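The values are calculated or read from the model by the stated rules, or taken from the named source; none is laboratory data. This one's a predicted model, so the numbers in the text were calculated from it and none came from an experiment. Reconstructed Cβ throughout: ideal geometry from the backbone, glycine too, with neighbour counts over all protein chains shown. Quick note on the areas: whole protein, heavy atoms, side chains included, nothing else; ligands and nucleic acids left out. Shrake-Rupley method; radii C 1.70, N 1.55, O 1.52, S 1.80 Å.
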Amino acid sequence: MDEETVSDYVERSRSLVESSPQMDEQNTRARLIDPFIRDVLGWDFYSTGIEMEYSVQMGSSKKKVDYALFADGSPAVFVEAKGCDTTISDTHADQLRSYMRQEWVDWGLLTNGKSFVVFRLRKDGGHPDVERLGEAELADLTANDWMLAALSEESIQSGTSTEIYQRVERRQNAIAALSEQKDEIAESIRETVVDQVGEVVSQPAESLSKTLVDDLIAELERDREDGTRPTTQTGAESPNSSSTTESDSAGKYGIQIGASGKTTGFSGDTQTEAMAAVVNFLISDHDLIDELSPLPFVPGEKNAMLHDQPVNPTGEEMRFYEEVGDGYYLNANLSKDAKKRQLRRFADACGVEISFDGEW
């Protein structure tokens, strides 16, 4: 997949959304969704590979799916479109799920041109189910290339999309296991090291084993080489103290920072906007830069998450970043879960609590 094509699409579409945030469905399809299917995913609108307003028999009535993308003469992807003026809801998702189950269609995409939600049919026996496999905001598409690869015409026709799904599923299962059992896994690592070396390493091994688990999770989330970055949603964490609350204007993605008995709220219409707002706050009010010093802050092996210049330790420029604080650069080329994980690391470094709400 051509990365430049994706970047060009994102920039052009962001400009269109900013200039016409209340686009109705018809204009959203023409300006944003048709170009996404054609230019980014590579489907040919002048071929038999796409059928508009595809009929699905639902009981005694027929329903229409906005786009059906075909492989081997059968629909392989259903795309449901909404206008920019419409917020994607569970009702919309359930509607697409029902169409996919009815026709046994492997893939589904629900989008309003600003948010992209991907679904996958699970064929367990005679009772198919549809899982919400991942989602991305328009600005974050370049960080979710697994999603674009899975839905591309080339992958669907060749069957590679199924391999991508299987890799995504294995990876997200590994991330879930590491996250849910972090303390137990870290303790097992510490005990193994102590058994081999002796009690003298017990204390440093305790903290470093937790860091190792975090780094494993970060590496799984960051690895984009084979198009398998998972973006499924994980549960939020809640701060313990919230006696006083301050909040900015409501946005889709909410974050609360709790410290000294007070909770300060932030939100943004995009994940990156909300993330940058929190990092700015941690820099100005909780000395985040001093806590992470020396920069760059590199939680894994390669990419800087926070630096005083927009480059990674390898010298390669950050692919998507936000300027924060007074001349610092935040790596925003991350999936939704990776953004949450990095924010938790920043909060831990500052000794504050963090929680997420809204569409996180």
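Could you name every one of the strands (runs of 3 or more DSSP E) located completely within segment 21-101 that has at least 3 residues being loosely packed, with under 14 Cβ neighbours inside 10 Å? Write out each step before concluding.
Values: elements: 50-58, 61-71, 74-81.
In segment 21-101, 50-58, 61-71 are the strands (runs of 3 or more DSSP E) which contain 3 or more residues that are loosely packed, with under 14 Cβ neighbours inside 10 Å.
Could you look through segment 149-177, keep only residues that are under 24 Å from ARG345 (Cα atoms) and free of Cβ contacts under 8 Å to residues at least 40 places away in the same chain, and pick out the one that is most open to solvent (accessible area, probe 1.4 Å)?
By that ranking, first place goes to ASN173.
Looking only at residues in segment 280-333 that are in a loop (DSSP other than H, G, I, E, B) and polar (S, T, N, Q), which one is farthest from SER260 (Cα to Cα)? Reasoning before the result, please.
The first filter runs over segment 280-333 and keeps only residues in a loop (DSSP other than H, G, I, E, B), leaving 287, 293-296, 298-305, 308-310, 312-316, 318-320, 325-327, 332-333.
Checking the rest, the ones that are also polar (S, T, N, Q) come to 293, 303, 309, 312, 314, 333.
On the way: SER293: 24, ASN303: 33, GLN309: 32, ASN312: 34, THR314: 39, ASN333: 32 Å.
Top of the filtered list is THR314.
For every residue, the table says whether it meets (1) among the charged types (D, E, K, R); (2) in contact with a strand residue (DSSP E or B) (Cβ under 6 Å, 6 or more places away or on another chain); (3) at pLDDT 85 or above.
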{"site": "GLU301", "(1), (2), (3)": "yes, no, no"}
{"site": "GLU317", "(1), (2), (3)": "yes, yes, yes"}
{"site": "TYR321", "(1), (2), (3)": "no, yes, yes"}
{"site": "VAL324", "(1), (2), (3)": "no, yes, yes"}
{"site": "LYS336", "(1), (2), (3)": "yes, no, no"}
{"site": "PHE346", "(1), (2), (3)": "no, no, yes"}
{"site": "VAL352", "(1), (2), (3)": "no, yes, yes"}
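Any idea which of (1) small (Gly, Ala, Ser); (2) touching a strand residue (DSSP E or B) at 6+ places or on another chain (Cβ under 9 Å); (3) within 21 Å of GLU273 (Cβ to Cβ) is the one SER98 doesn't satisfy?
It fails just one condition, (3).
Right, VAL194: in a helix (DSSP H, G or I), open to solvent by less than 30 Å² (accessible area, probe 1.4 Å), over 21 Å from ARG122 (Cα atoms) and out of contact with any Lys or Arg (no Cβ under 8 Å at 6 or more places or on another chain) or not?
Details: in a helix (DSSP H, G or I): yes; open to solvent by less than 30 Å² (accessible area, probe 1.4 Å): yes; over 21 Å from ARG122 (Cα atoms): yes; out of contact with any Lys or Arg (no Cβ under 8 Å at 6 or more places or on another chain): yes.
Taking the combined requirement at face value, the residue satisfies it.
Name the pairs whose Cβ atoms lie under 7 Å apart, with the first residue in segment 263-280 and touching a residue at least 60 places away in the same chain (Cβ under 8 Å), the second assigned to a strand (DSSP E or B) and of a type in the set (Asp, Glu), and 6 or more positions between them or separate chains?
These pairs meet every condition: THR270/GLU137; GLN271/GLU137; THR272/GLU322.
Assess whether PHE281 counts as being within 28 Å of LYS114 (Cβ to Cβ), open to solvent by 10 Å² or more (accessible area, probe 1.4 Å) and hydrophobic (A, V, I, L, M, F, W, C). Working first, answer last.
Working: within 28 Å of LYS114 (Cβ to Cβ): yes; open to solvent by 10 Å² or more (accessible area, probe 1.4 Å): yes; hydrophobic (A, V, I, L, M, F, W, C): yes.
Criteria met by PHE281.
With the structure loaded, tell me whether GLU131 is of a type outside the set (Gly, Ala, Ser), open to solvent by 10 Å² or more (accessible area, probe 1.4 Å) and touching a Phe, Trp or Tyr at 6+ places or on another chain (Cβ under 9 Å) or whether it fails that test.
Numbers: of a type outside the set (Gly, Ala, Ser): yes; open to solvent by 10 Å² or more (accessible area, probe 1.4 Å): yes; touching a Phe, Trp or Tyr at 6+ places or on another chain (Cβ under 9 Å): yes.
So GLU131 passes the test.
Taking ASP287 and the conditions (1) over 26 Å from LEU133 (Cβ atoms); (2) open to solvent by less than 60 Å² (accessible area, probe 1.4 Å), which numbered condition does it fall short on, given that it satisfies the others?
Of everything listed in (1) over 26 Å from LEU133 (Cβ atoms); (2) open to solvent by less than 60 Å² (accessible area, probe 1.4 Å), ASP287 misses just condition (2).
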